[in-house]
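What follows is a single structure, written as structure tokens, with notes after it.
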Amino acid sequence: MPLKRAVLLLTTLMLAACGQQTSLNGPQPSGAQNQTSTQLGKGALYEITFQGVGGPHPSSTAAVLGKSALGTQTLSDVSTGSLAFTPLVVDTFRTGNTRHIRAVYRVTNNTAAPIGHLTFVPVDTDEDSDAATTTTTTPTVGSTYFKDLTTFGATDASGRAGDLTPTTGKMLGAQGAVAFDPASTPYVALDTSSLSPAAPAGLVVASRASAGWRASTPLDVGDSTTIAFAVDLANSSPQTDPFSFSVVVTEADDPVPNVTVYQVGDGRQQLFTSAAPVLLKTFRGDVPNQSTPVSTVSLPIVSNGADQPLTASGNGFFEGFLNRSADGRYLLVPGYATVPGYPNVATSTAVTRVVGRVDAAGTTDTSTTTTAFSGASIRGVASPDGSRFYMVGGTGGVQLEPLGESASQSVVSGGPTDLFQTGIFAGQLYATFNDSTGRVSFVQVGSGLPLGGGRSYTALPGVPASINTDFSGFFFADLSPSVAGLDTLYFTAIGGSEIQKYTFDGTRWRLNGRFTLNQRGSFGLTGYAYGSNVLLYSTSANTLITLTDSSGYNAPINGRVVTLATAPANTDFRGVTLALEPLPLP
């Protein structure tokens, strides 16, 4: 996805040729408690210098090298302001002939605008032959992103620039194996074609990497996150390794996520009550009328060892709710453990129901089955981390089952059993109902994430309990600093064509309005909140749409509906969720 905003920033990593590996979650090195943050203004080059790394008292300082205007940008730049960088940890270790190096900062957003996904992209700079003024800042070496390489003896090591590669931070795993550190900022492939960073006088930006260190969560004004800049040094030799070097990066934002939809059918046959293939299609979250998805994952249609086929009912309009695990690592897919074409699959008592787990590489696990929804639809699945699943459907209430098992247990005693969707927000499990008695439409399930049975449903005060309001998809956001926790709630309603917005005042939820979507029904719903903006995505049987509610907390929902994709002939869209974060580059 294209990155928005660009500001050239120089991050210098003065890193030792020797040292011990340090955990990001472990103690800080000696001297870290005396380090202070430096305000890094936009439109300037900076050098962050580390001194005494590997010694008893490491330190780090930031210095302004030069300032330049951003110039004409085709991108959406943030308003003027600054980021604050506080050095936390520098670590380095060697395996084989490769040295792994990492510097970790706490970065605080002191700009005047929220940042969707703070991203740092390596940049190659050259001398500007047309410049009237000679710069005092040296360019990067050749076509690399690195500069100012020196050895321990302060001799020039520019010839080693080609041995340096930006990467995701590493750690030593079991039996000394090197693995990505999950606490590090992932270095991922990105579409950086829209970036136009401006170099200071005397330099030009020759190129930029098609990758960057990308934070996965939004950064509101005043909020902080950790960014780990990591580099691998090949052909490592203590005698000739660079003792210090710099990497040039540009700061960018990637505020709009990709989204993934649950598609029923592959277009080869019309959809009826029989089982149909399931495809997960990922689309850009900001491009109208896409005819080709970013990626497609086909769920298996035959058994393979413990893995079962996963199909959907061709006309099961109230099933196929798609979710992402709370830790963002997996897509969660409900379905039926039978081959395409099986008749009347949603009401079958002979076919077991199955949960699919899909990771960012497209690897599927369909080894989890249940008979709890026998004779009825399985509709939605939630999970904290892909190791256990909360399942809902046309009967059985909320069911809990570990990955790879074939028997589930009921979580709730009593109450409605015909559920539409379930989801986890801020560590709490929720569900929507198809309750013909009008007792409840949306509830909290137990407290937190229940691990056993005997729990109860709790209605949210102010959310209506009406037979005319069967909520299906839902999404929470935290928009007000004056209200603790989640304070904004969006719903889609089965059979309707609208999104409803509710606001919590600390005591009660109140309706802020309805937004008509003008599509055939309204089914799935997901969103992404940053600042006061909430990007909403919803599906009907034939469309994927988006709108941005910029009204903020306790205000009527607003926005303009944009169609992102239309379901192909002989297929239907069902659920929608945010796409998984991209995998780190190898």
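The values are calculated or read from the model by the stated rules, or taken from the named source; none is laboratory data. Because the structure is predicted, anything quoted here is derived from the model rather than measured. So basically every Cβ, Gly included, is an ideal-geometry build from the backbone, and we count neighbours across all protein chains shown. Protein only, heavy atoms only, side chains kept; ligands, DNA and RNA dropped before computing areas. Shrake-Rupley method; radii C 1.70, N 1.55, O 1.52, S 1.80 Å.
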Discussion item. Given (1) open to solvent by less than 10 Å² (accessible area, probe 1.4 Å); (2) touching a residue at least 24 places away in the same chain (Cβ under 8 Å), identify the lone condition not met by Gly397.
Written reply: (2)
Practice prompt. Check whether at least one residue in segment 505-513 is modelled with pLDDT under 95, farther than 30 Å from Thr167 by Cβ and open to solvent by less than 30 Å² (accessible area, probe 1.4 Å), and report yes or no.
Written response: yes
Worksheet, complete the sentence: Filtering segment 225-259 for residues that are part of a loop (DSSP other than H, G, I, E, B), open to solvent by less than 50 Å² (accessible area, probe 1.4 Å) and of a type in the set (A, V, I, L, M, F, W, C) leaves a count of 2
Worksheet item: Just wondering, is there one or more residues in segment 528-538 that are open to solvent by 10 Å² or more (accessible area, probe 1.4 Å), part of a strand (DSSP E or B) and among the small types (Gly, Ala, Ser)?
Response: yes
Worksheet item: Out of segment 545-581, which residues are surrounded by fewer than 17 Cβ atoms within 10 Å (Cβ to Cβ), free of Cβ contacts under 8 Å to residues at least 40 places away in the same chain and more than 21 Å from the chain's Cα centre (by Cα)?
Response: Arg560
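Would it be correct to say that Asp418 is charged (D, E, K, R) and open to solvent by 40 Å² or more (accessible area, probe 1.4 Å)? Please lay out each step first, then the result.
Details: charged (D, E, K, R): yes; open to solvent by 40 Å² or more (accessible area, probe 1.4 Å): no.
No, not satisfied.
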Practice prompt. Looking for whichever is outside any strand (DSSP E or B), touching a residue at least 24 places away in the same chain (Cβ under 8 Å) and under 30 Å from Pro114 (Cα atoms) here; the options are Gly267, Gly212, Gly222. Which one fits?
Written response: Gly222
Discussion item. Given the criteria within 23 Å of Thr273 (Cα to Cα), out of contact with any Ser or Thr (no Cβ under 6 Å at 6 or more places or on another chain) and open to solvent by less than 20 Å² (accessible area, probe 1.4 Å), does Val411 qualify?
Written reply: no
Worksheet entry | Sole residue being within 19 Å of Phe420 (Cβ to Cβ) and touching a Phe, Trp or Tyr at 6+ places or on another chain (Cβ under 6 Å), chosen from Ser374, Ser313, Ser383 | Ser383
Practice prompt. Inspect segment 275-297 for any residue being over 21 Å from Thr546 (Cβ atoms), out of contact with any helix residue (DSSP H, G or I) (no Cβ under 9 Å at 6 or more places or on another chain), open to solvent by 30 Å² or more (accessible area, probe 1.4 Å) and not β-branched (Val, Ile, Thr) and give the result as yes or no.
Written response: no
Discussion item. Just to be sure before I move on: is Ala206 in a loop (DSSP other than H, G, I, E, B), over 22 Å from Gly116 (Cβ atoms) and out of contact with any helix residue (DSSP H, G or I) (no Cβ under 9 Å at 6 or more places or on another chain) in the structure I sent?
Written reply: no
Practice prompt. Can you run down the residue pairs with Cβ atoms below 6 Å, 6 or more apart or on separate chains, where the first is in segment 357-368 and at positive phi and the partner is assigned to a strand (DSSP E or B) and among the β-branched types (Val, Ile, Thr)?
Written response: Gly362/Val297
Worksheet item: Within segment 553-575, is there a residue that is of a type outside the set (Phe, Trp, Tyr), within 26 Å of Ser325 (Cα to Cα) and assigned to a loop (DSSP other than H, G, I, E, B)?
Response: yes
Worksheet entry | Candidate set: segment 442-467, residues that are crowded, with 20+ Cβ neighbours inside 10 Å and under 28 Å from Ser387 (Cα atoms); chosen: the one modelled with the lowest pLDDT | Phe442
Worksheet item: Of the residues that sit in segment 176-203 and are at pLDDT 85 or above and open to solvent by 30 Å² or more (accessible area, probe 1.4 Å), which one is nearest to the chain's Cα centre (by Cα)?
Response: Pro186
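In segment 155-171, which residues are part of a loop (DSSP other than H, G, I, E, B) and in contact (Cβ under 8 Å) with a residue 24 or more places away in the chain? Before you say what the answer is, go through the steps one by one.
Within segment 155-171, the first condition is being part of a loop (DSSP other than H, G, I, E, B), and the residues that meet it are 155, 157, 168-169.
Residues satisfying the conditions are Ala157, Thr168, Gly169.
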Worksheet entry | Scan of segment 298-356 for residues that are open to solvent by 10 Å² or more (accessible area, probe 1.4 Å), in a loop (DSSP other than H, G, I, E, B) and under 21 Å from Leu429 (Cβ atoms), ordered by number | Phe318, Ala326, Asp327, Gly328, Arg329, Tyr330
Discussion item. Condition first: within 24 Å of Asn97 (Cβ to Cβ), of a type in the set (Val, Ile, Thr) and assigned to a loop (DSSP other than H, G, I, E, B). Can you find one or more residues in segment 125-136 that meet it?
Written reply: no
Discussion item. Any residue that is open to solvent by 30 Å² or more (accessible area, probe 1.4 Å), at pLDDT 95 or above, closer than 19 Å to Gly356 by Cα and of a type in the set (S, T, N, Q) - is there at least one of those in segment 401-408?
Written reply: yes
Worksheet item: Looking only at segment 260-273, which residues are among the small types (Gly, Ala, Ser) and surrounded by 19 or more Cβ atoms within 10 Å (Cβ to Cβ)?
Response: Gly265
